[in-house]
Amino acid sequence: MKHLLAAGSLVLASAAFADTDPSDWDSVLKAANGETVYWNAWGGSTTTNDFIAWVGDRVKEDHGVTLEHVKLTDTADAVGRVVAEQAAGKDEGGAVDMIWINGANFNAMKEADLLFGPFAESLPNWQYVDVAGKTVTTDFTVPTDGYESPWAMAQVVFIYDSETLPEPPKSADALQEWIAANPGRFTFPQPPDFLGSTFLKQMLIELAPDATALQAPAGDNYAEVTAPLWAWLETATPNLWRSGKAYPQTGPRQLQLINDGEVDLAISFSPGEATAAIANEQLPESARTYVLDGGTLGNASFVAIPYNANAKAGAMVVANFLLSPEAQLRAQTPDILGYGTVLDMAALPAADADAFANLDLGIATLPPAELGKALPEPHPSWMTQIQADWTERYGVAQ
Amino acid sequence: MLRNKTNNGGGWGLIPLITIAVLLGPIAAGLLGTLLPAFGGMRLTGESGFSLTPWAMFLSEPGIEMSIWLSVKTGVISTAIALLGCILLIAGWHGTRVFKALERVLSPLLAMPHAAAALGLAFMIAPSGWASRLLSPWATGWERPPDLLIVQDPQGIALIAGLIAKELPFLLLMSLAALPQIGVRGRMQVAQSLGYGKTRAWLLLVLPALYGQIRLPVYAVLAYAMSNVDVAMVLGPTTPPTLSVFILQWMTDPDLALRAPAAAAALTQLALVAATILIWFSGERAFAWLRNRSVNKGARAAGTRDSVSRLFGLSLASFAAITIIGGLISQAIWSFAGRWRFPEALPSSFGLRSWSRHGWEALDVTLVTLGLAIAATLIALVLVLGCLEAEVRRGQNLGRGGMIILYLPLILPQIAFLPGLQILLLQFGAAQGFTPVLISHVIFVLPYVFLALAGPFRAWDARIGTIAATMGSSADGVLWRLRLPMLLAPILTAVAIGMAVSIGQFLPTLMTSGGRVATLTTEALALSSGGDRRAIGVWTLVLTANAWWPFAAALIIPRLVFRNRKGLLHG
């Protein structure tokens with residue numbers, strides 16, 4: 001009897017899964033038609049918002065999927081929503097269908113079994129993804145296991161105004177010297193903002209006695225490994241913009257600061273952001289980008305589907321469309337988004353590969369060769385602890 | 001008389017009860033949803049039982065004592081200065097031409113959503129803001145913006161300034177509405193004939209009566225100033241932020257464990273507001289005692305500091321007007337700006353690019369925002385008119401308790417019960433999207449609609465109804481064919497106020513919609529973190545325009561409808 005019940009519930013379960021089984025793509029397409037996908041993505045950047053709106057138009061046209069961009073001030077808002085729904089026992093029909101997600105949030109959701117999947121590697125367009133050459137199957141050293149699908153490659157660059165700053169500092173030490181000589185002209189988004197934390201990690205990788213330690217979870221070695229970072233900050237912070245008593249809240253806020261002439265340098269996780277911002281008159285025409293001599297952090301942006309999403313099929317259709325050469329090419333077009341592609345040029349049909357090759361990356365975007373070495377992200381445990389420590393040391397200004 | 005008809009109108013008695021349920025139900029539920037997690041209830045791990053861990057987590061957060069202090073400090077200082085400015089302005093300038101002009105300038109600011117005003121102020125006073133651009137480099141010598149911590153300063157001065165600029169007009173207009181009810185002229189004549197100077201007479205005789213009338217609005221301002229999120233997100237410090245912003249951050253953090261300390265913090269916020277209002281209340285008593293002593297002493301000297309205090313009131317009101325209106329103008333310029341670098345006073349080029357990028361989306365969101373505002377206001381209007389008509393039919397006015405219930409949604413910090421409401425709404429399952437947002441808006445719209453409408457409704461000349469009754473008109477007939485049509489102008493004003501309140505709501509929309517309902521206010525604040533002044537300019541202009549046009553309509557429509565009945569325009 002028990003077995004019968006178990007078998008019965010198994011049948012029910014697989015019936016429910018049938019139209020969201022990514023390996024049966026036709027039924028996914030059928031189920032997706034007419035669905036509305038609520039994509040929770042950070043909404044503070046107008047270029048990204050425009051791109052997402054375009055994706056919405058395209059999936060509506062091709063697959064009858066309506067895409068609604070839920071604009072977040074912080075990705076954590078969407079994660080919090082799913083968590084709250086789980087706490088309330090709302091295991092289906094959730095408010096969030098898809099999240100643009102990053103390392104720490106992904107790790108938290110994956111560990112709490114809050115994600116739907118694995119689905120990513122069954123998407124039809126996965127065949128084009130550059131699995132070997134790009135960090136698309138790990139997210140901050142955590143294996144993605146198909147629970148999130150990549151859609152853009154990012155690498156840290158620094159934006160500067162070549163008119164006021166012809167020779168920007170290219171290492172942690174040089175930056176320290178430059179800050180001391182130019183007090184008030186540099187800042188970074190306030191951790192725990194993603195980009196601000198990235199800046200701390202970028203400095204840590206260069207300053208740590210042994211950067212390979214960062215690939216394993218932080219343990220007893222935490223104090224020793226991070227000591228040089230805190231020493232660096234101790235010296236630099238009083239000479240930051242506003243003497244380190246206030247920080248921009250997000251990355252794009254820094255662009256306004258450069259344009260206003262308040263600061264001379266800004267960290268960015270998107271090599272094409274400066275070119276796009278020049279086109280939008282948000283940065284002066286003399287803005288350029290550069291990378292540090294020792295290389296800069298690189299990672300992929302992913303989308304994930306919550307376990308209780310209302311429109312899983314629709315969300316997979318959107319995720320698959322994001323991996324299409326059409327969407328990837330548009331995302332990489334500098335005056336549109338300027339995000340790096342996750343696709344493998346060799347795997348693409350010749351016509352698509354040519355289109356990528358012929359793309360003019362724009363005046364302020366470094367060509368792939370000059371982007372230099374992409375450094376792997378540290379294990380998320382480092383970021384979590386560094387954020388907490390930073391807040392304790394510098395988050396309370398006196 | 002009319003009252004005798006009340007007995008067969010038993011159904012009217014239900015409306016006040018429904019209204020109370022609409023107001024108190026969600027608040028009580030929200031408070032419960034906050035209270036339980038703060039003491040170990042509703043834990044995700046499935047464990048249960050009393051626990052103080054949330055409090056320990058809350059209190060061990062770095063900088064939390066500064067956050068608490070900031071909330072109290074910014075709230076009390078801004079309320080005190082706004083109230084002082086309001087009092088000095090009325091005492092020193094009421095009845096003058098300057099006052100009329102200021103009143104005309106400040107009234108529209110009242111309808112402007114807090115978020116739009118805060119963003120406008122930031123546009124003005126930042127080191128690279130418009131004020132600095134207008135003065136640079138010719139007056140300041142700045143080729144680059146100075147490294148001055150003005151917006152988001154750790155002391156919260158910018159936040160205080162923003163709150164004053166928004167609350168001074170509110171208190172001023174509440175006072176102006178109250179003045180006719182207290183017989184200023186008579187009081188002044190008595191005092192002056194006894195030899196008191198003008199200002200002194202005003203302070204000793206008019207102010208106490210006036211303050212009695214605006215006490216609840218002052219408490220509402222105090223509570224809002226201490227616990228707001230929308231102004232604090234834009235102008236408030238971040239190292240650390242105010243307590244309410246902390247709570248919002250925790251409530252939306254992926255780390256679920258932070259919900260519990262957030263609930264504890266929300267209760268703390270509630271206790272802080274309650275305690276501060278109590279202290280404020282004792283302060284009122286102390287002032288009353290001082291005044292009585294001064295009256296008993298009988299000193300009559302006309303205040304020597306008259307001109308100083310007059311100047312203070314005027315400068316404060318001018319500051320509010322200049323910064324907010326200047327902010328709005330600079331938002332308008334940014335929305336059409338091409339390249340605009342510091343220290344240029346104006347953009348080097350203009351264009352429609354920002355409008356073509358954001359305009360259509362803003363239009364979509366406008367429709368949602370207006371849909372919400374109209375629906376919430378109509379619900380509130382029906383309930384309020386029902387309550388007021390029930391007063392007439394039952395011959396019983398809303399008592400002191402009723403007034404307190406009305407003010408409860410305005411005095412209770414939103415951040416104290418909305419997170420709990422979100423958790424509870426989820427428990428009920430279906431609650432997502434438009435309906436819960438609508439309900440949450442009604443909670444905040446209804447009190448304002450009531451306050452706007454109660455005076456004119458009660459002041460309606462009941463003799464007209466009596467005459468109609470003797471001519472055979474039923475009570476319903478009097479209501480529909482006489483009272484409501486004659487009250488068209490105040491009803492439209494109340495609708496405009498209700499809509500402005502709904503359009504300006506941030507936290508209720510964010511907390512109850514699951515992010516599925518975007519309004520002009522939530523979009524404008526989401527953009528504020530990105531700092532794109534052009535986009536913010538477009539959105540705040542659309543936001544402000546939508547808060548304003550209902551007022552324009554409320555002025556114009558009665559003129560059209562009553563074009564042949566001029567006497568009704570003032571009815």
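The values are calculated or read from the model by the stated rules, or taken from the named source; none is laboratory data. Nothing here was measured: the structure is a model prediction, and the numbers come from that model. Backbone-built Cβ (ideal geometry, glycine too); neighbour counts: all protein chains shown.
Before moving on, here are some points about what is shown:
- Residue selected from the stretch B:318-349 under the condition β-branched (Val, Ile, Thr) and more than 14 Å from chain A (Cβ to nearest Cβ), by the criterion farthest from residue B:160 (Cα to Cα): B:329
- Residues satisfying the stated conditions in the stretch A:15-50, i.e. in contact (Cβ under 8 Å) with a residue 40 or more places away in the chain, surrounded by 21 or more Cβ atoms within 10 Å (Cβ to Cβ) and over 17 Å from residue A:96 (Cβ atoms): A:22, A:28, A:44, A:45, A:46, A:47, A:48
- Index of the failed condition, residue A:341 passing every other in (1) within 17 Å of residue A:151 (Cβ to Cβ); (2) modelled with pLDDT of 90 or more; (3) of a type in the set (Ser, Thr, Tyr): (2)
- Unmet criterion (only one of (1) in contact with a Lys or Arg (Cβ under 7 Å, 6 or more places away or on another chain); (2) within 13 Å of another protein chain (Cβ to nearest Cβ); (3) not charged (D, E, K, R)) for residue B:509: (1)
- Counted residues, the stretch A:290-304 - those being in contact with a helix residue (DSSP H, G or I) (Cβ under 9 Å, 6 or more places away or on another chain) and either basic (Lys, Arg) or under 17 Å from residue A:142 (Cα atoms) (or both): 6
- Tally, over the stretch B:502-540, of residues that are touching a strand residue (DSSP E or B) at 6+ places or on another chain (Cβ under 8 Å) and assigned to a loop (DSSP other than H, G, I, E, B): 3
- If you check A:188, A:140, A:106, A:119 for being in the same structural domain as residue A:389 (by TED's automatic domain parsing) and within 30 Å of residue A:328 (Cβ to Cβ), only one passes: A:188.
- Among (1) within 18 Å of the chain's Cα centre (by Cα); (2) closer than 28 Å to residue B:23 by Cβ; (3) away from chain A (no Cβ under 14 Å); (4) not aliphatic (A, V, I, L, M), the one test that residue B:458 misses: (1)
- Residue check: residue B:406 meets all listed conditions (1) crowded, with 20+ Cβ neighbours inside 10 Å; (2) within 14 Å of chain A (Cβ to nearest Cβ); (3) at pLDDT below 90 but one, namely (2).
- Among the residues here, residue B:183 qualifies as within 28 Å of the chain's Cα centre (by Cα), surrounded by fewer than 18 Cβ atoms within 10 Å (Cβ to Cβ) and not hydroxyl-bearing (Ser, Thr, Tyr).
- Complete set of residues in the stretch A:76-93 that are facing chain B (nearest Cβ under 8 Å) and either at positive phi or hydroxyl-bearing (Ser, Thr, Tyr) (or both): A:89
- Criterion: assigned to a loop (DSSP other than H, G, I, E, B) and more than 30 Å from residue A:93 (Cβ to Cβ) - qualifying residue of A:337, A:329: A:337
- Counting the residues of the stretch A:99-135 that are within 14 Å of chain B (Cβ to nearest Cβ) and β-branched (Val, Ile, Thr) gives 2.
- Qualifying residue in the stretch B:218-231 (condition: closer than 20 Å to residue B:32 by Cβ, within 14 Å of chain A (Cβ to nearest Cβ) and buried (at least 23 other Cβ atoms within 10 Å of the Cβ)): no
- Filter result (aliphatic (A, V, I, L, M) and surrounded by 15 or more Cβ atoms within 10 Å (Cβ to Cβ)) within the stretch A:364-382: A:364, A:366, A:371, A:374, A:375
- Residue count for the stretch B:312-336 satisfying the condition of being out of contact with any helix residue (DSSP H, G or I) (no Cβ under 6 Å at 6 or more places or on another chain), more than 17 Å from residue B:129 (Cα to Cα) and surrounded by fewer than 18 Cβ atoms within 10 Å (Cβ to Cβ): 2.
- In the condition set (1) more than 24 Å from residue B:405 (Cβ to Cβ); (2) modelled with pLDDT of 90 or more, residue B:62 is compliant with all but (2).
- Annotation note: of A:213, A:231, A:266, A:227, the sole residue that is closer than 25 Å to residue B:143 by Cα, more than 11 Å from every other protein chain (Cβ to nearest Cβ) and either at pLDDT 95 or above or not in a loop (DSSP other than H, G, I, E, B) (or both) is A:266.
- Candidate set: the stretch B:123-174, residues that are charged (D, E, K, R) and within 13 Å of chain A (Cβ to nearest Cβ); chosen: the one farthest from residue B:68 (Cα to Cα): B:143
- Candidates are the residues of the stretch A:274-288 that are more than 22 Å from residue A:171 (Cβ to Cβ) and not hydrophobic (A, V, I, L, M, F, W, C); the one that is nearest to the other protein chains (Cβ to nearest Cβ) is A:281.
- Scanning the stretch B:556-563 turns up no residue that is more than 30 Å from residue B:248 (Cα to Cα), more than 14 Å from chain A (Cβ to nearest Cβ), among the aromatic types (Phe, Trp, Tyr) and assigned to a helix (DSSP H, G or I).
- Each residue in the stretch B:520-543 was checked for being of a type outside the set (A, V, I, L, M) and either under 22 Å from residue B:499 (Cα atoms) or assigned by TED's automatic domain parsing to the domain that holds residue B:109 (or both), and 6 of them qualify.
- Flag: residue B:539 does not match the condition of being away from every other protein chain (no Cβ under 14 Å) and either touching a residue at least 40 places away in the same chain (Cβ under 8 Å) or of a type outside the set (Asp, Glu) (or both).
- Only one of the listed residues (B:381, B:451) is in contact (Cβ under 8 Å) with a residue 40 or more places away in the chain, surrounded by 15 or more Cβ atoms within 10 Å (Cβ to Cβ), under 18 Å from the mean Cα position of the chain (by Cα) and closer than 23 Å to residue B:170 by Cα. That residue is B:451.
- Taking the listed residues A:96, A:55, A:65, A:59, the one that is β-branched (Val, Ile, Thr) and within 11 Å of chain B (Cβ to nearest Cβ) is A:96, with no other qualifying.
- Residue B:433, sole failed condition from (1) more than 23 Å from the chain's Cα centre (by Cα); (2) more than 21 Å from residue B:519 (Cα to Cα); (3) surrounded by fewer than 19 Cβ atoms within 10 Å (Cβ to Cβ): (2)
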